[in-house]
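None of the figures in this text is laboratory data; all of them are computed from the coordinates on show. Quick caveat, the model's predicted, so the values are computed rather than measured. For neighbour counting, all protein chains shown are included, and Cβ atoms are generated from backbone atoms with ideal geometry for every residue, glycine included.
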Amino acid sequence: MEDQQVSSSIPLTDGERILWHKETTHGLLHKEVTVEEAVTNKRCLKYDAQSKNIVAQIGITHWPEVVIMNVHRVNDSLGGGVFLTPRMLGLPALPFGVYGGPRRGNLKVFGDVSFLSDGKVIMTFENVKDPQGVRQLVEALKRQQGFRGPGRMRPWMGQRSRPMQP
C-alpha cells in the first residue's frame with residue numbers, strides 16, 4: 001500500500017508522519033482552512049491554521065483513552081426509477097402515486113472522538129467520518145509503543161478480562 005501525501009500546515013517533529021487528517025474550512029467559493037486535526041505516529045493534535053498554534057495535543061506514549069460519542073449515521077443514497085400516478089394508467093385521479101426503481105446507498109458513520117488522560121478530556125475531534133477507525137488507529141499506535149506502567153493494559157476487542165486464579 002502506498003502512503004498518501006497530506007497537504008497540511010501542521011508543524012511536525014523529526015520522523016513524524018501524519019496517519020489521519022481532517023480539515024475544517026470556512027467559505028463557499030474561497031475555502032480557507034481554519035482548523036486541522038491529525039493523528040501522527042507520535043501524537044494526536046488539533047491545530048489552529050489561522051493563528052498557526054497547536055490548540056491541544058497528547059502524545060501516544062501518554063496512553064490516551066479514546067472514547068467515541070454522538071454517533072450518527074448518514075445514508076448517501078442514489079435512486080432512479082419511475083413515479084407513476086393513477087392518471088398515467090388511465091385511472092381516476094387519486095392523491096397518491098407509486099415509485100418503482102433501483103436504489104443504492106452507502107451508509108456512513110460519523111461521531112465525536114475524544115481523547116482522555118486521567119479521566120479528563122484533552123481534546124475532541126468533532127463529526128469524524130469513521131470514528132471507530134480513528135480509535136483503532138490510536139489503539140494500534142499505543143500497542144506499537146509497548147506496555148509501560150501499571151494499570152495501563154486493557155483487554156483487546158473480543159477478549160474478556162478474567163480474574164486471576166489463586
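Going highest first, how would you order 40-50, 108-118 by mean Cβ packing within 10 Å?
Ranked by mean Cβ neighbours within 10 Å, highest first: 40-50, 108-118.
Give, as a single signed number, the net charge of other residues whose beta carbon lies under 9 Å from the beta carbon of T124, with Lys and Arg counted +1 and Asp and Glu -1.
-1
What does the charge add up to near A56, with Lys and Arg as +1, Asp and Glu as -1, over the other residues with Cβ less than 13 Å from its Cβ? Present the calculation step by step, with values, prior to reporting the outcome.
Working: positive: R43, K46, K120; negative: E36, E37, D48, E126.
Neighbourhood net charge equals -1.
Can you give the FRET efficiency for D118 and R73, using 1/(1 + (r/R0)^6), R0 = 45 Å, r = Cβ-Cβ distance, to the nearest 0.05?
In this case the efficiency is close to 0.90.
Given R₀ = 22 Å, FRET efficiency for N127-L107 by Cβ-Cβ distance, to 0.05?
Working from the Cβ atoms, E equals 0.85.
With θ set to phi - 60°, apply the Karplus curve 6.51 cos²θ - 1.76 cosθ + 1.60 along the stretch 136-144 and write out the HN-Hα couplings as whole Hz, x wherever there is a Gly or Pro.
With the stated coefficients, the stretch 136-144 comes to 5, 4, 5, 4, 5, 5, 5, 5, 4 Hz.
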